[in-house]
1. For region 170-189, check the following and say yes or no: at least one residue is more than 16 Å from the ligand (Cβ to nearest atom), surrounded by 15 or more Cβ atoms within 10 Å (Cβ to Cβ), of a type outside the set (A, V, I, L, M) and without any contact (Cβ under 8 Å) to a residue 24 or more places away in the chain.
2. Do any helices (runs of 4 or more DSSP H) lying entirely in region 128-243 carry at least 2 residues that are under 16 Å from residue 88 (Cα atoms), and which ones are they?
3. Kindly check whether there is at least one residue in region 70-80 that is within 12 Å of the ligand (Cβ to nearest atom), touching a strand residue (DSSP E or B) at 6+ places or on another chain (Cβ under 7 Å) and either at pLDDT 95 or above or more than 15 Å from residue 98 (Cβ to Cβ) (or both).
4. Would you point out the residue of region 25-62, among those that are among the small types (Gly, Ala, Ser) and within 14 Å of the ligand (Cβ to nearest atom), that is nearest to residue 254 (Cα to Cα)?
5. Take the residues in region 208-249 that are within 15 Å of the ligand (Cβ to nearest atom) and surrounded by fewer than 18 Cβ atoms within 10 Å (Cβ to Cβ); name whichever of them is farthest from residue 57 (Cα to Cα).
6. So which residues in region 198-217 are charged (D, E, K, R), in contact with a helix residue (DSSP H, G or I) (Cβ under 9 Å, 6 or more places away or on another chain) and touching a residue at least 40 places away in the same chain (Cβ under 8 Å), if there are any at all?
7. Given (1) of a type outside the set (Phe, Trp, Tyr); (2) under 25 Å from residue 162 (Cα atoms); (3) not in a loop (DSSP other than H, G, I, E, B), where does residue 74 come up short, assuming only one miss?
Amino acid sequence: MTATEKPDLLREYDAFQARLRGRRPAVFLDYDGTLTPIVARPEDAVMSEQMRECVRRLARCCPVAIVSGRDRKVVEEFVQLKELQYAGSHGFDISGPLATMQHERARKALPDLDDAEGALERLLKEIPGAQLERKKFAIAAHYRNAAPEDAPRAEAAVDEVLQAHPSLRKRGGKKVFELQPDVDWDKGKAVLWLLGAMGLDEADVLPIYVGDDLTDEDAFKALKGRGIGVRVGPVTDETSADFLLKDTEEVRRFLEVLAERLPNASA
Ligand SMILES: [Mg+2]
């Protein structure tokens, strides 16, 4: 089903409410493009105080986890809510009051990532505007600030480094290519792991995942048949999400309405 055929969550809230009836929600939130608008420089993606208050309030009513491609520590610093569970590096690195885990095989790929970082840095230097970002469990080649016709060059550079490092894999996102440990693990598997580790793998729990990008599709797929996927932003491709929200402001309104209708909302 294409994205345009999926219902808008705020306009079809009754349909969502019907799925929630009799169950308690567990909310999983992507960060960039979901809790903050996409910005030209990733380091500028600061969360608004209004959004923070909204997430804080929701976390008093139900379990909330942040699931991001960013390093866990970086996203923790942006969000600044100690009561939440955090999964960074697309789930390779998890920490919080209920569960802590670093993916063993991803850790073993760290020396290869170090090596690939140097090689990719040399290649990206040749492309004006292209930006290398080293994260703990990934190397990102951002081409948002490069000329559009240079995007294939950025991908070719990533592919060249990938060839020399078979323990890594390539993933794409919004104006970015990433090299990551080639481990069978993604945001979807991380969410399922979290449900177990947080004691939420129960029939009366409704997992809700909100995200805006390709890597979030893994989570939508993992939750098919047991939870609800919400895709944020203008979607032109196919999505496995159940509902759509237009932008981060609509995400905030949804989280607000969800919290309002749960017990403890006034706490
Ligand atoms: Mg995102």
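1. Our first condition is that a residue be more than 16 Å from the ligand (Cβ to nearest atom); within region 170-189, this holds for 170, 179, 181-185, 189.
Remaining after also requiring surrounded by 15 or more Cβ atoms within 10 Å (Cβ to Cβ): 170, 179, 181-183, 185, 189.
From what's left, of a type outside the set (A, V, I, L, M): 170, 181-182, 185, 189.
So of that shortlist, the ones also without any contact (Cβ under 8 Å) to a residue 24 or more places away in the chain come out as 170.
The answer is yes, given that some residue of region 170-189 is more than 16 Å from the ligand (Cβ to nearest atom), surrounded by 15 or more Cβ atoms within 10 Å (Cβ to Cβ), of a type outside the set (A, V, I, L, M) and without any contact (Cβ under 8 Å) to a residue 24 or more places away in the chain.
2. Working: elements: 151-164, 187-197, 214-222.
Helices (runs of 4 or more DSSP H) meeting the threshold: 187-197, 214-222.
3. Yes, some residue in region 70-80 is within 12 Å of the ligand (Cβ to nearest atom), touching a strand residue (DSSP E or B) at 6+ places or on another chain (Cβ under 7 Å) and either at pLDDT 95 or above or more than 15 Å from residue 98 (Cβ to Cβ) (or both).
4. Restricting attention to region 25-62, the residues satisfying the condition of being among the small types (Gly, Ala, Ser) are 26, 33, 40, 45, 48, 59.
Restricting the remaining residues to those that are within 14 Å of the ligand (Cβ to nearest atom) gives 33, 45.
On the way: 33: 15, 45: 21 Å.
Only one residue tops the list, namely 33.
5. Residues of region 208-249 that are within 15 Å of the ligand (Cβ to nearest atom), as a first pass: 209-220, 229-235, 237, 239, 241, 244-248.
From what's left, surrounded by fewer than 18 Cβ atoms within 10 Å (Cβ to Cβ): 214, 234-235, 237, 246-247.
Working: 214: 28, 234: 27, 235: 29, 237: 33, 246: 22, 247: 20 Å.
Among residues in region 208-249 that are within 15 Å of the ligand (Cβ to nearest atom) and surrounded by fewer than 18 Cβ atoms within 10 Å (Cβ to Cβ), the one farthest from residue 57 (Cα to Cα) is 237.
6. 212, 216
7. (2)
The values are calculated or read from the model by the stated rules, or taken from the named source; none is laboratory data. These figures come from a predicted structure and were not determined experimentally. Heads up, the Cβs are rebuilt from the backbone with ideal geometry, glycines too, and the neighbour counts pull from every protein chain shown.
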